[in-house]
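Asks: Pasting a structure below so you can have a look.
The values are calculated or read from the model by the stated rules, or taken from the named source; none is laboratory data. Here the structure is a predicted model, which means the values were calculated and not measured. In this analysis, Cβ positions are derived from the backbone assuming ideal geometry, glycine residues included, and neighbour counts consider all displayed protein chains. Only protein heavy atoms, including side chains, enter the accessible area calculation; ligands, DNA and RNA are left aside. Shrake-Rupley method; radii C 1.70, N 1.55, O 1.52, S 1.80 Å.
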Amino acid sequence: NAGVTQTPKFQVLKTGQSMTLQCAQDMNHEYMSWYRQDPGMGLRLIHYSVGAGITDQGEVPNGYNVSRSTTEDFPLRLLSAAPSQTSVYFCASSYPGTSGKDEQFFGPGTRLTVL
Amino acid sequence: LAKTTQPISMDSYEGQEVNITCSHNNIATNDYITWYQQFPSQGPRFIIQGYKTKVTNEVASLFIPADRKSSTLSLPRVSLSDTAVYYCLVGDLVGGYQKVTFGIGTKLQVIP
């Protein structure tokens, strides 16, 4: 299994440009999430999905859109990039919580710079 | 969501046991305690999870007192490769998506 994969690894955008960060998982996980991590800070939840066709907002959703057409893929779209969106973006996937172990599997991250 | 408080940083010499304590005074009855590890330029990685008393795996131990208002992650005989940021999370795993919050974590520096 490849686990959680993210593309691209690095990206530089100009203000106002749009782009899509790709995330895919091959573990048949129902839950997928997008986080951003800024220097010296923890991870903040952007959007999440509990299954194909179902998405919801996290802590910092403004400026980002998501969709979940398949179990495997969960792309994150920036419609009009702003310098404040310069960050490292992590995608994660997990099984639904049970009374046992609940573990999120994270991708390697995408480092985005908006000029 | 229960808020967690943990030290911002810790230093330890190689070969020593490291204990990182996390405070979560308003933990709810259904909440579990989870710890993640993050190396520079990588995504977080699950270490251990528990509800009460003690949990041990091949990497670490997790000690949770009876009142569950705190927990301690114990790393036995740390090496330089254990230098990382460690996050303590608290959340309900039973049913529905859990919007966990990653604080700034504890930056552990292992010294030769």
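Asks: Which of the residues that make up region A:42-61 are at the interface with another protein chain (Cβ under 8 Å from one of its Cβ atoms), of a type in the set (A, V, I, L, M, F, W, C) and open to solvent by less than 20 Å² (accessible area, probe 1.4 Å)?
Replies: First pass over region A:42-61, keeping only residues at the interface with another protein chain (Cβ under 8 Å from one of its Cβ atoms): A:42-45, A:48, A:50, A:56, A:58-59.
In the following step, the residues that additionally are of a type in the set (A, V, I, L, M, F, W, C) were identified as A:43, A:45, A:50.
Selection gives A:LEU43, A:LEU45.
Asks: Now a separate question. Among the residues of region B:6-59, how many are in contact (Cβ under 8 Å) with a residue 60 or more places away in the chain and either in contact with a His (Cβ under 9 Å, 6 or more places away or on another chain) or in a strand (DSSP E or B) (or both)?
Replies: Restricting attention to region B:6-59, the residues satisfying the condition of being in contact (Cβ under 8 Å) with a residue 60 or more places away in the chain are B:6-18, B:20, B:22, B:24, B:27-28, B:30-32, B:34, B:36, B:38.
Restricting the remaining residues to those that are either in contact with a His (Cβ under 9 Å, 6 or more places away or on another chain) or in a strand (DSSP E or B) (or both) gives B:9-13, B:18, B:20, B:22, B:31-32, B:34, B:36, B:38.
So the count comes out to 13.
Asks: Quick check on this structure: which one of A:PRO39, A:PRO8 is away from chain B (no Cβ under 14 Å) and either at negative phi or in contact with a strand residue (DSSP E or B) (Cβ under 6 Å, 6 or more places away or on another chain) (or both)?
Replies: One residue alone meets the criteria, A:PRO8.
Asks: Restricting attention to region A:1-30, report how many residues are open to solvent by 20 Å² or more (accessible area, probe 1.4 Å) and within 19 Å of A:ASP56 (Cα to Cα). Before the answer, list the steps.
Replies: Looking only at region A:1-30, we keep the residues that are open to solvent by 20 Å² or more (accessible area, probe 1.4 Å), and these are A:1-2, A:5, A:7-12, A:14-20, A:22, A:24, A:26-28, A:30.
Imposing the further condition that a residue be within 19 Å of A:ASP56 (Cα to Cα) reduces the set to A:20, A:22, A:24, A:30.
Total meeting the criteria: 4.
Asks: Go through region B:55-65 and give me each residue that's open to solvent by less than 30 Å² (accessible area, probe 1.4 Å) and over 21 Å from B:ASP11 (Cβ atoms). Walk me through how you get there before you give the answer.
Replies: Within region B:55-65, the first condition is being open to solvent by less than 30 Å² (accessible area, probe 1.4 Å), and the residues that meet it are B:60-62, B:64.
Those that are open to solvent by less than 30 Å² (accessible area, probe 1.4 Å) and over 21 Å from B:ASP11 (Cβ atoms): B:LEU62, B:ILE64.
Asks: Looking at (1) open to solvent by 60 Å² or more (accessible area, probe 1.4 Å); (2) assigned to a loop (DSSP other than H, G, I, E, B); (3) more than 25 Å from A:GLY107 (Cα to Cα), which one does B:ARG68 not meet, given that it meets all the others?
Replies: (1)
Asks: Condition check: outside any loop (DSSP other than H, G, I, E, B), touching a residue at least 60 places away in the same chain (Cβ under 8 Å) and either open to solvent by 70 Å² or more (accessible area, probe 1.4 Å) or among the polar types (S, T, N, Q) (or both). Does A:SER33 satisfy that? Don't jump to the end; show me each part of the working.
Replies: Numbers: outside any loop (DSSP other than H, G, I, E, B): yes; touching a residue at least 60 places away in the same chain (Cβ under 8 Å): yes; either open to solvent by 70 Å² or more (accessible area, probe 1.4 Å) or among the polar types (S, T, N, Q) (or both): yes.
So A:SER33 passes the test.
Asks: Please go through region B:44-54 and give me each residue that is open to solvent by less than 80 Å² (accessible area, probe 1.4 Å) and within 12 Å of the chain's Cα centre (by Cα), ordered by number.
Replies: At the first step, the residues of region B:44-54 found to be open to solvent by less than 80 Å² (accessible area, probe 1.4 Å) are B:44, B:46-51.
Answer for region B:44-54, where residues must be open to solvent by less than 80 Å² (accessible area, probe 1.4 Å) and within 12 Å of the chain's Cα centre (by Cα): B:PRO44, B:PHE46, B:ILE47, B:ILE48, B:GLN49, B:GLY50.
Asks: Filter region B:44-92 down to the residues that are modelled with pLDDT under 95 and aromatic (Phe, Trp, Tyr), then identify the one that is nearest to A:PHE90 (Cα to Cα).
Replies: It comes out as B:PHE46.
Asks: If I ask for residues that are assigned to a strand (DSSP E or B) and either within 13 Å of another protein chain (Cβ to nearest Cβ) or over 16 Å from B:MET10 (Cβ atoms) (or both), which ones from region B:71-112 would you list? Don't jump to the end; show me each part of the working.
Replies: Of the residues in region B:71-112, the ones assigned to a strand (DSSP E or B) are B:71-75, B:84-92, B:106-111.
Correct list: B:VAL85, B:TYR86, B:TYR87, B:CYS88, B:LEU89, B:VAL90, B:GLY91, B:ASP92, B:THR106, B:LYS107.
Asks: May I pose another question? Need pairs with beta-carbon distance below 9 Å; first residue within 13 Å of chain B (Cβ to nearest Cβ) and within region A:76-93, second open to solvent by 50 Å² or more (accessible area, probe 1.4 Å) and of a type in the set (Asp, Glu); sequence gap 6+ or separate chains.
Replies: So the pair list comes out as A:SER93/A:GLU30.
Asks: I'm checking my understanding of the structure. Among residues of region B:18-32 that are under 14 Å from B:GLY50 (Cβ atoms) and within 14 Å of chain A (Cβ to nearest Cβ), which one is least open to solvent (accessible area, probe 1.4 Å)?
Replies: B:CYS22
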